[in-house]
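For reference, the structure is listed below as structure tokens.
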Amino acid sequence: MYQVLDERAVLEVLRPVEDPELRKSLVELNMIRNVKIAPDGQVSFTLVLTTPACPLREFIVQDCQRAVKKLPGVTDVKVEVTAETPQQKGVADRTGVPGVKNIVAISSGKGGVGKSTIAVNVAVALAQSGAKVGLLDADIYGPNDPTMLGLSEAQVMVSKGEKGDILEPVFNYGVKLVSMGFLIGKDQPVIWRGPMLNGIIRQFLYQVQWGELDYLIVDMPPGTGDAQLTLTQAVPMAGAVIVTTPQTVALLDSRKGLRMFQQMNVPVLGIVENMSYFIPPDMPDKQYDIFGSGGGEKTAKELGVPLLGRVPLEISTRVGGDTGVPIVAGEPDSVSAKTLKAIAQTIAGRVSVVALS
């Protein structure tokens, strides 16, 4: 045991404390910084987490405090918590987006499973945690994210840059958003072939003033077509999240979408089972498995990926989407909001593991 209470002694007792996600020493990861020792025995230091959305923040702080308090002469332990989201590793044949640390796709094998609802609420939940977040609405044929974020009447500002027009994303609930919905009329259909789709997605990636982002969430169109290929071949991705409902036809299509990302060497962060069960507003203690039960968990086990969460079907979730108030912001204490926040935290944790592995 060290007789002198100094920085070296503090770091040594903290060395066995690990980041639960990364399973590595906080000291070895350089997550313990600015160690200071006051004359009265108070020890203070900065704990630098890998994501503002760390779900185990309080547990890590408590582990650190317990470890340091074992040192002789320590009267108190003060921990300042901050975060530095790690940068996703580059890929030789893919060009990253300047300022964007991690790109995460929210995808589904078929339409109608609530993929955009998950994408919007995950983005807002990450922003609520203190992360810098952008949302790219890559569903060019059915851009719904402006409505869900309360931005249906907003307009994108366009400026001239060295390589063409530069779009300025609109902003709400702490999230920067770019969508085809800002560039076309309310009832105007997008009737494009693949090359034009490829062009607009690349424009949304590289010709938008995203600024500094910890996470760029990409709301993908359903299926395994041109948009998915463009994204996976253009940029290095931190991972993909597959959204499904419990019913068999949705699960069959989700498996195809998951395999596509794996074949493109994109880490699959896990599966979200949406509309998992229905909660009647007048009987909140009851739940009904309208679309079946257990399908998401079974599929996740069969495919060897985590089940990130089961989001219930609540009327307030639909109302929030229609009125532009995401449920994590409008009804943060609801079952759906708490589940979505937990899913966002888990995604952030898994992104850190991918980035630092």
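The values are calculated or read from the model by the stated rules, or taken from the named source; none is laboratory data. Model, not experiment: these values are computed from the prediction. As a convention, Cβ positions derive from the backbone with ideal geometry for all residues, glycine included, and neighbour counts pool all protein chains shown.
Observations, loosely collected:
- Residue among VAL124, VAL120, VAL97 that is of a type in the set (A, V, I, L, M, F, W, C) and modelled with pLDDT under 95: VAL97
- Residue pairs whose Cβ atoms lie under 9 Å apart, sitting 6 or more positions apart in sequence or on different chains, and linking a residue in region 225-238 that is assigned by TED's automatic domain parsing to the domain that holds SER254 to a partner that is assigned to a loop (DSSP other than H, G, I, E, B) and of a type in the set (Lys, Arg), are ASP226/ARG193; PRO236/LYS89; ALA238/LYS101.
- Scanning region 223-239 for residues that are assigned to a helix (DSSP H, G or I) and closer than 23 Å to ALA355 by Cβ yields a total of 6.
- Verdict on GLY111 being in the same structural domain as VAL268 (by TED's automatic domain parsing), of a type outside the set (A, V, I, L, M) and either touching a His at 6+ places or on another chain (Cβ under 9 Å) or surrounded by 14 or more Cβ atoms within 10 Å (Cβ to Cβ) (or both): yes
- Complete set of residues in region 134-153 that are touching a Gly at 6+ places or on another chain (Cβ under 9 Å), of a type outside the set (Ser, Thr, Tyr) and either under 17 Å from THR323 (Cα atoms) or surrounded by fewer than 18 Cβ atoms within 10 Å (Cβ to Cβ) (or both): GLY142, PRO143, ASN144, ASP145, PRO146, MET148, LEU149, GLY150, LEU151
- Filter pass, VAL190 being surrounded by fewer than 21 Cβ atoms within 10 Å (Cβ to Cβ), outside the structural domain of ARG310 (by TED's automatic domain parsing) and over 16 Å from the mean Cα position of the chain (by Cα): no
- Answer residue from region 172-222, given it is in contact with a helix residue (DSSP H, G or I) (Cβ under 8 Å, 6 or more places away or on another chain) and among the β-branched types (Val, Ile, Thr) and is farthest from ASP139 (Cα to Cα) among those: VAL175
- Qualifying residue in region 160-167 (condition: within 21 Å of LYS115 (Cβ to Cβ) and at pLDDT 85 or above): no
- At least 2 residues being in contact with a Pro (Cβ under 9 Å, 6 or more places away or on another chain) is the threshold, and among the strands (runs of 3 or more DSSP E) wholly inside region 34-148 those reaching it are 76-83, 103-108, 133-137.
- Criterion (in contact with a Phe, Trp or Tyr (Cβ under 6 Å, 6 or more places away or on another chain), more than 26 Å from LEU126 (Cβ to Cβ) and not assigned by TED's automatic domain parsing to the domain that holds THR346) met by exactly one of VAL35, VAL43: VAL35
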